[in-house]
Amino acid sequence: MEGLPILSLMMLVPMLSALVCLFSPAGLARMVALVATLVTFALGLILWSNYEIGGAQWQFTERAELFAGFSYALGIDGIALLLIMLSVFLMPICILASWEAITKRVGEYMAAFLFMEVLMIGTFAAQDIFLFYVFFEAGLIPMYLIIGVWGGDNRIYASYKFFLYTLIGSVLMLIAMFWMVAEAGTSDIPALMQYDFPAQAQTWLWLAFFASFAVKVPMWPLHTWLPDAHVQAPTAGSVILAGVLLKLGGYGFIRFSLPMFPEASAQFAWLVFALSMVAVVYTSLVALVQADMKKLIAYSSVAHMAIVTVGLFAFNVQGLEGAMIVMLSHGLVSGALFLCVGVIYDRLHTREIARYGGLAINMPYYALFFLLFTMASIGLPGTSGFVGEFLSLAGIYQTSTLVALVSTTGIILGAAYMLYLYRRVAFGEQKNADAAAMKDMTFREWAMMVPISAVVLWMGVYPESFLAPMRADIAALDARISVAAPPSDSNPLMGPPREHAANHIEHSASHKEGAH
Amino acid sequence: MDFAHSFALIAPELLLTGAGLALLMIAAFRGDASARLVSVLAAAALFGAGFMLVPGLHLGTDGPEVLAFGGLLQIDTFALFAKALIFLSAIAALMVAPAFFNSAAAGTERGLRAEYPILVIFACVGMSIMVSASDFMSLYLGLELNSLTAYVLAAILRRDLRSGEAGLKYFVLGALASGIILYGMSLLYGFTGSTTFSGVRAGLEGELELGALFGLIFVMAGLAFKISAVPFHMWTPDVYEGAPTPVTMFFATAPKVAGVAITARVVFEVFGGQVAAWQQIVMFAALASIVFGALGAIGQENLKRLLAYSSINNVGFILLGLAVANQAGASAMLVYLFIYVAMSVGSFVALLMLRDSDGALFETFADIRGLSLTQPAIAWALLLFMFSLAGIPPLLGFYSKFVIFQATVEAGLVAFGAIAIAASVIGAFYYIKFVKVMFFDEPADVVRGRSGMAHWVLLAITALIISPLGYLLTPSLTDLADKAAAALFMAV
């Protein structure tokens, strides 16, 4: 693979296909989009298999001085690798999800999605801070169109809200970037990650970046654009929004806020914790009373992303690893849940929970997948959700007992609203004749669900595959930020070691009872 | 004095003047039947004059040998850069005119008049003189030549009420502004004893006297009027809406470039020693233009009027580069100007393509509903221009804001930059309204007319420039702008 600019190639394939789709009739555009995303996914697999664990921190680097003011510099570490994999993995599934649901302006729709894929890969792979900004911000255009053109009834309000919220957040970050580059004399992200900004300035810079990432994550109280955008977007739009776009916020924290401003991050950790705690409890309660399935899942996303931010600002390895796994897991699980909603929405054209019921009777396979993803969302052991949430909460417990305590209620509330949703949709009586007459999943829908469930189980049973590539990067990040770690309020006292292990059994005693 | 040298320096202006006079003769003897020929020849003359600029732009011409006529004019790289943009915009304005004037869009006065290209040429001569002025006298000469032709151009549809109103408004308010500039110049002359830029600069050294300060403010106010910066912007929406659309396109580009260029020259070359005296004025004008340009546009239904507010908004960003008061800011400003011209030409050409089968133009939001279904090419091009004007990457409009704000922050004006960029989000609101109307609404399906080759070519070129491919232009563009900006500071 030496010399092959695989990252550029991964962006070039969807880019060119997007142009082709723009001028293609519906049927051809679908095929082109599917093939292009599958090819990109295959390239992604090559990327992963060639990624050298324990090798150089930045791999597959490319650099070209194409522009004035910033350079075209790409390169990935383990964190970026996994997020790129998440994006290219979800993309073909999104195309499949839109196969029949989208009937008008198919070419433009597919082009918007492929363009989105280019931008997502670019955002995670950019090694120049301004190049990152270009990719990060450019996502507004296709997403605005996806929500606005192919969205639901209230799509215009949702698209405006999405656009303006996100734009306001990011422009302040741009100003901060200019200041940083002027101060450090380089726009290279790896160099900036090592640069020690003055503590006074860090405060302002951190706030400017926070304005952007907190909207993207989204953190309470800046989350209000999310339920609107989710509800109005078409199914695949919701999948991408929940699966990848929300991760841009978390990625921003892990790539910029933490390593570049460690002192400010510690200083503002309380703010992040406070907002996250409110988000976990409040949005979970809100999710509990939703009558619209998509809205429920959207609110649950806010709650899950709050676990991510809690883990990130725990300032230890478990927290960071947990946050990354929650991001990956949430990307898969919430994406899959939106797909589940999409499957029945395509049949009945309503997202109202009350219109369904007893689907386990007429759609048993569907109910099975839905159950799996519901459990993964709750964080049942054996699914990806458990690994991430456990690590995050273990991480935050070392920093703050209180935050850990409050955040853990999110798991309980999560179980409440998800099981309640599942009960109303899949169990109980078949009170609506039209819902009872729905057919079970088609082959296309199987093809969407099976890969995601496989990965969810894989990540739940053997998370090492996903932790290994980023272990060194997380360790490097931890080394950089641990000096600034805020004081911990949980002080576990080290007692004298026990004589025996906790599960020690006296052998002699068991002998006496003897063999009956 | 070496006249031959001076004449060599102003060869492009001489060519244009000669061409203008010759074409006037053709027009006078052959009448409006020759309008098309005159247009083509005028465009050729502009192109030729522009071509003459290339060696100078490429190699950079600076130093004492650029002074012509004993220091009345200086043909430095800065002037060349501005002239190149002016000529290009003028060619675009000539290209779109025949289709407009020869169709129902021109109302009862159907038919391109031969005066139109000639007036454009003379306006360009005026602007050329203006941007290369190094004396208040030559500045005023160029300014007035440009303004007088512009008044006529605005009112060129004599029997159209809106056009006449636009011309009259432009004339009354423009004359007022010229008077203000003239009064400012006379004050400066009175307090420094000179009209040359270097002489006035030398006379202003040290403590600024109250009278001279008034002179400075009057000159700045007059120039602000010419570039329609807030608070001297009131004429812009009316004139832009009333004037025939090709003329509006011309007003939004060439005179804007000239006005901004001469403003930059005056503040750096004349008032360069008194930065403290004008920086606050420019900062205020910049912020106010950004905010009012954006707020004023929100309620507009008429697209031309909306673009007028958009141009006010853009002038705000350009002035931001000026407020930085250093070479990086000036260079950023020139990059912005180039991109602004491309975006404006593109948007106006797209508006000119919104015609019914008779050729009458549509100019309200209601008419472009659902345009993406009926006229996808125009709609997608407009989408690019609007997102670009809003400064959303990866379009080139982002790069123009990028350089401006980078210069602002690097000069230490962080809070100022942060406020300005936050205000720019207001502008995004109405730019994305364009996209909303064209892409999200049900089609009105009234735009049925076909457009000629000239429109498509211009639309394609400008769309290509502002598309992400335009970023490949940025190294050479920045290089040119840097050279041009350096020329401004060389005299200091």
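Bear in mind these aren't lab numbers, they're just calculated from the coordinates by the rules spelled out. What you see is a predicted model; the values in this text were computed from it and never measured. For neighbour counting, all protein chains shown are included, and Cβ atoms are generated from backbone atoms with ideal geometry for every residue, glycine included.
Tabulated results
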quantity	calculated
Over 26 Å (Cα to Cα) - which of A:Lys104/B:Lys304; A:Lys104/A:Lys161; A:Lys294/B:Lys401; B:Lys226/B:Lys433; A:Lys247/A:Lys294; B:Lys401/B:Lys433 fall in this group	A:Lys104/B:Lys304; A:Lys294/B:Lys401; B:Lys226/B:Lys433
Pair A:Leu16, A:Asp440: separation of 7 Å Cα→Cβ label points (nm)	4.2 nm
Helix B:161-192 vs. chain B, principal-axis angle (Cα, 0 to 90°, nearest 10)	10 degrees
Reach of B:Lys169 by Cα under 20 Å, taken over aspartates and glutamates that are not fewer than 8 positions away in the same chain	B:Glu144, B:Asp160, B:Asp238, B:Glu241
Whole-angstrom gap from the range A:149-217 to the range B:387-424, using each part's C-alpha centre	13 Å
Theoretical ellipticity at 222 nm over chain B - DSSP helices of four or more residues, -39500 (n - 2.57) apiece, nearest 500	-24500 deg cm²/dmol
Within chain B: Cβ-based charge dipole about Cα centre, in debye rounded to nearest 20 (Lys, Arg +1; Asp, Glu -1)	900 debye
Estimated translational D of the protein assembly as shown in µm²/s (Stokes, Kirkwood radius over Cα pairs; 25 °C; 0.890 mPa s)	80 µm²/s
Rounded to 10°, Cα long-axis angle of helix B:303-323 versus longest principal axis of chain B	30 degrees
Proximal aspartates and glutamates to B:Lys436, defined as alpha-carbon separation beneath 18 angstrom and excluding residues fewer than eight positions away on the same chain	A:Glu108, A:Asp153, A:Asp228, B:Glu301, B:Glu363, B:Asp367, B:Asp445
Value of [θ]222 nm, deg cm²/dmol, for chain A, DSSP H segments ≥ 4, -39500 (n - 2.57) each, nearest 500	-23000 deg cm²/dmol
Normalised alpha carbon radius of gyration of the range A:1-267 [divisor 2.2 N^0.38 Å]	1.00
Span from the the range B:437-475 Cα centroid across to the the range B:23-48 one, whole angstrom	29 Å
For the range A:8-50 versus the range B:270-324, the gap between their alpha-carbon centres in whole angstrom	43 Å
Local net charge near B:Met185, Cβ-Cβ under 13 Å (Lys/Arg +1, Asp/Glu -1)	-2
Sites A:Leu4 and B:Leu295, calculated FRET efficiency, Cβ-Cβ separation with R0 30 Å, nearest 0.05	0.05
Distance-filtered residues of the range A:60-80 - backbone nitrogen under 14 Å, label point 7 angstrom along A:Arg480 Cα→Cβ	A:76-80
Under 5 Å, built H, 5+ apart or other chain: amide partners of A:Glu62	A:Leu74, A:Gly75
Rough spin-label spacing in nm, given labels placed 7 Å along Cα→Cβ, for B:Glu209 and B:Asp32	5.5 nm
Local net charge near A:Leu28, Cβ-Cβ under 15 Å (Lys/Arg +1, Asp/Glu -1)	+1
Label-point separation in nm, A:Ala201 to A:Leu371, each point 7 Å along Cα→Cβ	5.8 nm
Taking the range B:245-370 and dividing mean pair separation by its residue count, relative contact order in percent (alpha carbons under 8 Å, at least six apart)	28 percent
Whole-number percent relative contact order across the range A:11-62, with pairs defined as alpha carbons under 8 Å at least 6 apart	30 percent
Helix B:327-352 axis, angle to chain B major axis (alpha carbon atoms, nearest 10°)	20 degrees
Within-10-Å neighbourhood charge of A:Tyr160 [Cβ basis; K, R +1; D, E -1]	+3
Relative contact order, percent, chain B [alpha-carbon distance under 8 Å, six or more residues apart]	15 percent
Eligible aspartates and glutamates near A:Lys431 by straight Cα distance, threshold 15 Å, same-chain separation 8 or greater	A:Glu352
